[in-house]
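J.: Got a structure here, written out as structure tokens. Questions coming.
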Amino acid sequence: MKLAEALQERADLNRKIEQLKDRLCSNALVQEGEKPVENPETLKRELDESVSRLTWLMARINLTNCRTMADGMTLTELIAKKDALLVKLHAYRDVVYAGSQTAYRARNTEIRIQSAVSVPAWQAEVDRMAKEVRELDNRLQQSNWTTDLTE
């Protein structure tokens with residue numbers, strides 16, 4: 001199994017587990033004399049099996065990410081770099097947005113508001129970081145489809 005396939009299965013399992021939880025909650029109480037639409041014990045077994053598979057997959061994915069090198073870094077390091085860059089990118093985008101706001105004055109006697117940051121310079125940095133995130137994501141995706149999952 002390729003790493004990308006394991007990541008897809010992990011996402012599917014997370015959705016399935018959430019749905020099973022909702023179905024269990026919907027069938028946890030019934031009116032006296034009635035039966036639940038679905039058997040809670042059957043749903044519980046399915047939930048337990050799904051969580052067990054998810055646990056196994058997560059361990060294999062993490063192990064694979066720690067052992068696989070791309071661009072002189074492990075996949076774990078590339079993921080951390082991308083995640084940290086996204087945090088910085090979102091903060092910079094917020095600053096660009098805030099610095100781009102214009103204040104309308106009703107009269108000439110009102111206080112004038114002006115940007116304290118160079119919006120074009122910050123925007124250029126945002127654009128550069130966005131490109132770097134895309135490139136990192138492309139490298140990760142390429143590795144995911146060429147790397148076998150560590151068993």
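J.: Sort out which residues of region 2-32 are small (Gly, Ala, Ser) and touching a residue at least 40 places away in the same chain (Cβ under 8 Å), and write them in order of number. Walk me through it before giving the result.
T.: Taking region 2-32 and keeping what is small (Gly, Ala, Ser), we get 4, 6, 11, 26, 28.
Within region 2-32, Ala4, Ala6 qualify.
J.: Only one of (1) outside any helix (DSSP H, G or I); (2) modelled with pLDDT under 95 fails for Ala98. Which number is that?
T.: Looking at each condition in turn, Ala98 falls short on (1).
J.: Still on this structure, please answer the following. For region 44-59, give me the residue count where each residue is surrounded by 12 or more Cβ atoms within 10 Å (Cβ to Cβ) and under 19 Å from the mean Cα position of the chain (by Cα).
T.: Final tally of qualifying residues: 3.
J.: In region 33-70, which residues are of a type in the set (D, E, K, R) and either part of a helix (DSSP H, G or I) or free of Cβ contacts under 8 Å to residues at least 12 places away in the same chain (or both)? Talk me through it step by step, then tell me what you get.
T.: Residues of region 33-70 of a type in the set (D, E, K, R): 34-35, 38, 41, 44-46, 48-49, 53, 60, 67.
The answer is Glu34, Lys35, Glu41, Lys44, Arg45, Glu46, Asp48, Glu49, Arg53, Arg60, Arg67.
Results for (1) loosely packed, with under 14 Cβ neighbours inside 10 Å; (2) on the phi > 0 side of the Ramachandran plot; (3) touching a strand residue (DSSP E or B) at 6+ places or on another chain (Cβ under 9 Å), shown as yes or no for each residue.
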| site | (1), (2), (3) |
| --- | --- |
| Ile61 | no, no, no |
| Cys66 | yes, no, yes |
| Pro120 | yes, no, no |
| Lys131 | yes, no, no |
| Asn138 | yes, no, no |
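J.: Follow-up question, since we're still on this one. Given the options Ala91, Ala116, Ala80, name the one that is farther than 24 Å from Leu13 by Cα, outside the structural domain of Leu13 (by TED's automatic domain parsing) and free of Cβ contacts under 8 Å to residues at least 12 places away in the same chain.
T.: Values: Ala116 fails: free of Cβ contacts under 8 Å to residues at least 12 places away in the same chain; Ala80 fails: farther than 24 Å from Leu13 by Cα.
Going through Ala91, Ala116, Ala80 in turn, just one is farther than 24 Å from Leu13 by Cα, outside the structural domain of Leu13 (by TED's automatic domain parsing) and free of Cβ contacts under 8 Å to residues at least 12 places away in the same chain: Ala91.
J.: Looking at Asn138, is it out of contact with any Lys or Arg (no Cβ under 9 Å at 6 or more places or on another chain), closer than 22 Å to Ala6 by Cα and not assigned by TED's automatic domain parsing to the domain that holds Ala11? Walk me through it before giving the result.
T.: Values: out of contact with any Lys or Arg (no Cβ under 9 Å at 6 or more places or on another chain): yes; closer than 22 Å to Ala6 by Cα: yes; not assigned by TED's automatic domain parsing to the domain that holds Ala11: yes.
So Asn138 fits the description; yes.
The values are calculated or read from the model by the stated rules, or taken from the named source; none is laboratory data. Remember, predicted model here, so these are calculated numbers, not experimental data. Positions of Cβ are backbone-derived with ideal geometry, glycine not excepted, and every protein chain shown enters the neighbour counts.
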